[in-house]
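J.: To start, I am sharing the structure in question, which I have written as structure tokens.
The values are calculated or read from the model by the stated rules, or taken from the named source; none is laboratory data. These numbers come from a predicted model, not from an experiment. Using ideal geometry, Cβ is built from the backbone for each residue, glycine included, and neighbour counts are taken over all protein chains shown.
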């Protein structure tokens with residue numbers, strides 16, 4: 001007959017159950033006695049804390065209030081006092097509030113006095129309550145409501161003999177009441193001492209009961225622990241150890257590790273599980289070997305499933321056949337795809353060569369356009385000869401620019417302009433060639449020197465060059481410009497602007513001369529005219545012409561525009577520096593502001609210091 005796992009576990013739990021029932025019965029018996037003692041202790045303590053002690057406290061407060069009342073009454077009777085004297089106020093507070101509160105609380109507490117001998121004490125308390133009310137009433141009738149001021153003292157006290165009434169009635173009544181309170185206080189103090197002694201004894205008995213319970217539970221627990229250890233040891237030897245071996249095998253299999261050794265089976269259910277585990281390990285070893293051979297494309301390796309119900313084994317055989325077919329198809333596809341990839345690679349290399357040649361041609365053309373554009377811009381030495389204290393900050397966005405600057409000598413006058421053409425890069429560069437050639441023609445060939453007339457002519461010539469007068473061939477290209485004419489003899493500056501203003505810094509203040517709000521080539525010739533502004537230049541004045549690229553540049557911590565307000569503040573900071581320093585600071589500032597952001601437009605600033 002086998003000693004099965006169920007029998008082993010049943011025997012162990014039966015022994016533990018017997019121990020638990022024995023310990024539970026003993027503990028319940030001791031706990032029942034402790035519960036009775038604890039209830040008595042709680043009841044005695046409640047009588048002491050909620051009735052006895054509060055009664056004594058209220059009697060002490062009542063005695064204190066009566067003594068103080070008697071003291072204040074003596075003072076008021078024998079000494080003239082004002083109606084608002086502190087003695088009268090304190091006495092009214094005691095007689096009308098504090099003592100009635102004491103009496104009310106005592107009356108509530110006496111209902112909780114439980115012992116029969118307290119019947120006499122209740123009668124004594126009722127006498128005290130009535131005496132206090134009578135004494136209070138007598139005080140107000142003979143003294144409190146009579147001696148209300150100095151004149152009342154003269155009339156009532158001396159003429160009518162109120163003091164005699166006090167001596168015969170009020171004071172003796174208060175003194176007698178105080179004696180009754182003291183007598184009741186003495187009785188309740190004795191009761192309180194007895195309650196305290198009973199409460200202490202109850203707590204002592206409770207402690208003894210719980211000590212007995214503690215040691216009983218401690219001994220029972222020790223017995224239970226020892227018994228449990230013995231049973232657990234037996235269970236571990238006979239059950240847990242084989243289960244741990246099975247667990248180790250299962251954890252290894254869960255990680256994909258096939259154990260090298262087999263489990264020694266026992267003669268119980270766990271032994272049967274060990275035999276099954278050994279068979280499983282053998283089957284997995286055969287399956288692993290077969291899978292490795294199939295992975296090496298050895299599709300002829302022999303393999304037989306463990307049984308007809310071996311789903312994994314039959315699936316592996318099907319997988320072997322499918323893999324063999326898939327390998328054949330894949331090899332064919334690899335050959336075909338390799339040929340296609342080689343063909344596409346050759347085509348991409350051919351296209352890359354063509355793109356590289358095309359890029360070089362376009363770049364060469366743009367760089368040639370750059371040389372053409374540079375040829376129309378005034379040279380640095382030429383600008384310095386006409387405007388010695390000046391600078392030009394010119395930063396194209398691309399290789400070529402839509403912004404350009406223009407300077408022209410006209411006998412006693414110097415004409416200079418900053419122009420922003422529509423767009424940037426190659427389209428803008430074409431517009432800049434049109435604008436620069438038109439300005440040279442207007443001033444050099446036609447002899448026009450007035451800025452507003454120059455802009456009017458520039459609008460006419462640009463419109464003709466762009467065929468804006470031809471119906472159906474209109475384009476939206478144009479220019480924003482600011483042009484100045486400086487008379488070196490009279491120091492008079494003339495300015496006219498198309499969307500671009502003139503900044504004049506004088507006396508540490510930026511004066512903005514506003515432009516006309518319509519661009520060059522944006523309207524029909526002679527339909528509008530530009531405004532001419534005149535300014536008398538003073539020593540130390542600084543003027544600036546510019547395009548919108550500087551103020552519109554994105555950057556900073558939040559990727560915002562630089563803005564014209566910050567631009568004007570910067571110009572005020574650098575106005576006293578040399579032109580070379582101003583150009584360097586303006587360039588460094590906008591580069592630092594731009595940071596990682598792309599330059600959004602061409603940048604042009606012309607500065608002239610007088």
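J.: Give the residue, chosen from 52, 12, that is touching a helix residue (DSSP H, G or I) at 6+ places or on another chain (Cβ under 8 Å) and modelled with pLDDT of 75 or more.
T.: 52
J.: Test residue 143 against the stated conditions and say whether it is surrounded by 14 or more Cβ atoms within 10 Å (Cβ to Cβ) and at pLDDT 80 or above.
T.: no
J.: Just to be sure I understand, how many residues within region 547-568 are closer than 23 Å to residue 483 by Cα and out of contact with any helix residue (DSSP H, G or I) (no Cβ under 8 Å at 6 or more places or on another chain)?
T.: The number of residues fulfilling the criteria is 9.
Residues checked against (1) surrounded by 14 or more Cβ atoms within 10 Å (Cβ to Cβ); (2) touching a residue at least 12 places away in the same chain (Cβ under 8 Å); (3) more than 38 Å from the chain's Cα centre (by Cα):
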site: 518; (1), (2), (3): yes, yes, yes
site: 534; (1), (2), (3): no, yes, yes
site: 547; (1), (2), (3): yes, yes, yes
site: 553; (1), (2), (3): yes, yes, no
site: 558; (1), (2), (3): no, no, no
site: 575; (1), (2), (3): yes, yes, yes
site: 588; (1), (2), (3): no, no, no
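J.: Looking at region 276-314, which of its residues are touching a helix residue (DSSP H, G or I) at 6+ places or on another chain (Cβ under 7 Å) and surrounded by fewer than 11 Cβ atoms within 10 Å (Cβ to Cβ)?
T.: 297 - this is the single residue of region 276-314 that is touching a helix residue (DSSP H, G or I) at 6+ places or on another chain (Cβ under 7 Å) and surrounded by fewer than 11 Cβ atoms within 10 Å (Cβ to Cβ).
J.: Let me ask something else. Read through the list (1) under 30 Å from residue 179 (Cα atoms); (2) surrounded by fewer than 18 Cβ atoms within 10 Å (Cβ to Cβ); (3) within 58 Å of the chain's Cα centre (by Cα); (4) modelled with pLDDT under 80, then give the number of the only condition that residue 32 fails.
T.: (1)
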